[in-house]
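Read the figures in this text as sums done on the coordinates, not as results from a lab. Because the structure is predicted, anything quoted here is derived from the model rather than measured. Heads up, the Cβs are rebuilt from the backbone with ideal geometry, glycines too, and the neighbour counts pull from every protein chain shown.
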Amino acid sequence: MADAYDEQLVTGAGDGENADQDDLPDEFVEAGDEVYAELLTRLGEAAPQPRLSATRKVVELLGDPHHAYPIIHITGTNGKTSTSRITEGILRAYGLRTGLFTSPHLERLNERIVIDGKPISNEALAANWADISPFIGLVDAELTGAGEPRLTFFEALTVLAYASFADAPIDVGVIEVGMGGEWDSTNVADGQVAVFTPISLDHTARLGNTVAEIARTKSGIVKPAAQVVTARQEPEAFAELKRAAELSESNLVAEGENFSVLSTSVAVGGQMVSIKGIAGTYRDIFLPLYGSHQAQNAAVAVAAVESFLGGGATALVDDVLVEAFATATSPGRLQLVGTEPTVLVDAAHNPGGAIALAAAVKEYFSFEKVVAVVSVLDDKDAEGIIRALEPVVNEFVVTQSGSDRAIDADELASIVVGIVGAERVVVELDPRVAAELARESAGASDRGAVLVTGSITLVGEIITLARDEGWKP
């Protein structure tokens with residue numbers, strides 16, 4: 001994602017306390033860039049270290065900033081970021097000052113550390129990095145002396161997020177796990193509420209080859225006497241979560257048993273949802289996000305906030321929930337970035353995400369022709385992604401994102417051709433040219449659309465391109 005990041009000129013940065021400052025040039029952009037550049041010198045997120053000790057040593061030296069506020073900790077395979085964002089939005093609607101930590105970013109690192117609804121300013125990012133760098137250096141030296149890798153990109157970023165939230169300060173942190181759970185660096189913190197979105201096969205080389213193994217690793221975020229909230233799971237995954245809750249003497253609530261989506265209906269710009277929470281029922285609320293999976297994410301978020309604010313015994317205030325849902329956003333998830341023709345980007349990068357995406361396209365839109373621009377990373381199930389998309393896509397433009405882990409475009413094209421046939425496939429190495437080819441093809445139809453998906457890196461690149469080229473008035 002470095003290419004999209006480096007090309008982005010930030011506007012609207014600042015401390016968020018004075019809205020009049022939002023359109024002023026940000027004199028700290030270079031300082032923010034330097035933080036990212038330093039993080040990029042570290043072992044990347046594709047190769048996380050299965051350890052907590054390194055992160056724990058740094059936060060201990062810093063005085064345990066992650067203990068300065070309560071935490072809602074969120075893991076799963078799909079829907080983590082959307083659920084985290086909706087959860088944070090409800091808490092903020094209640095007047096709480098929030099911190100939100102999500103991964104990865106689409107365009108700029110600041111997106112990952114959000115304070116009171118706004119990405120951290122470059123000034124605060126640089127200042128907090130300067131504060132923690134000496135302590136990271138001490139632990140780096142200790143690790144290398146012991147023959148271990150120094151702190152990874154994500155370990156250092158986790159420390160930066162926790163320190164930034166303590167400095168802000170915040171009332172509550174919503175923390176998305178980077179990968180897995182048990183040994184993920186965010187797990188140095190103790191979440192008062194542990195949240196699980198749907199668990200399926202992904203990152204199998206790191207997390208396990210079965211849903212049960214992956215769920216077991218993810219269940220490591222459950223801490224003693226916590227509140228545990230889970231979306232509907234496969235039986236083997238649910239068994240692992242139930243076991244973790246019992247061992248930690250935690251209270252477990254599950255979708256389908258304790259809360260549920262009662263109904264959804266298509267609405268202009270999103271959907272109307274009715275949700276039965278743990279403590280209350282909330283009917284006919286507008287959610288400006290597409291897809292039944294987003295309704296499920298919203299239900300999980302509601303249950304998480306009910307668990308946090310009142311232990312699941314107190315209903316949320318309807319007007320507050322209406323306000324929170326109305327302002328919900330999920331960048332990179334069926335996000336409209338262009339018109340004439342319609343261009344949608346979606347960060348689905350595994351079969352589960354692609355299945356949800358295809359269902360949403362079919363249910364919420366009536367396109368005559370869909371042209372997909374796709375790139376997939378080499379550790380992902382490319383065949384599963386394409387098979388999920390095939391029923392709703394007429395043409396595929398296969399490309400290769402700027403990530404060094406992207407599957408070679410010709411190699412990916414052979415996979416796509418094997419599934420959909422050569423007549424539906426075009427190959428273009430340059431993502432920008434690929435997007436233009438797709439727009440031209442889709443634009444030849446009265447109701448044509450472009451769908452960019454398969455890789456978060458690709459989505460970030462096209463979001464930047466769409467803004468730079470003015471695809472949406």
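Observations, loosely collected:
- Taking Cα centre as origin and charging only the Cβ of basic (Lys, Arg, +1) and acidic (Asp, Glu, -1) residues, the dipole magnitude of the range 148-233 rounds to 280 debye.
- Protection proxy ranking, peptides 112-123, 360-371, 286-297, average beta carbon neighbours within 10 Å, highest first: 286-297, 112-123, 360-371
- Computed extension gain for ASP131 through GLU249, at 0.36 nm per residue and net of the alpha carbon distance, reaches 38.7 nm.
- Point-to-point label distance, LEU429-GLU213, nm (Cα→Cβ direction, 7 Å offset): 3.7
- Peptides 143-149, 159-165 ordered by average Cβ neighbours within 10 Å, highest first: 159-165, 143-149
- Sum of side-chain charges, ASN258 neighbourhood, beta-carbon under 14 Å (Lys, Arg +1; Asp, Glu -1): 0
- Dividing the summed -39500 (n - 2.57) terms of all DSSP H runs of n ≥ 4 by the residue count of the chain sets its mean residue ellipticity at 222 nm at -13000 deg cm²/dmol.
- Near-label residues of the range 175-198 by backbone N, under 13 Å of a point 7 Å along Cα→Cβ of ARG405: 178-180
- Integer Hz, Karplus 6.51/-1.76/1.60 couplings in order for the range 145-151, x for Gly and Pro: x, 8, x, 9, x, 5, 3
- Using 0.36 nm per residue and subtracting the Cα-Cα separation, the extra length available between GLU30 and SER414 on full extension is 134.1 nm.
- For LYS362, the lysines whose Cα comes closer than 30 Å to its Cα, not counting residues fewer than 8 places off in the same chain, are LYS80, LYS276, LYS380, LYS472.
- Backbone geometry of the range 230-246 corresponds, through the Karplus equation with coefficients 6.51, -1.76 and 1.60 at θ = phi - 60°, to 3J(HN,Hα) couplings of 10, 5, 4, 10, 4, x, 5, 6, 4, 4, 5, 5, 5, 4, 5, 5, 5 Hz, x marking Gly and Pro.
- For the range 2-326: rounded, prolate or oblate by the Cα gyration tensor [a/c cutoff 1.5]: oblate
- Nearest-0.05 FRET efficiency for VAL322 and ARG51, computed from C-beta distance (R0 41 Å): 0.40
- Beta bridges per DSSP with both ends in the chain, % antiparallel, nearest 5: 35
- Between ASP379 and LYS472, the distance separating the two model label sites (each 7 Å from Cα on the Cα→Cβ line) works out to 3.0 nm.
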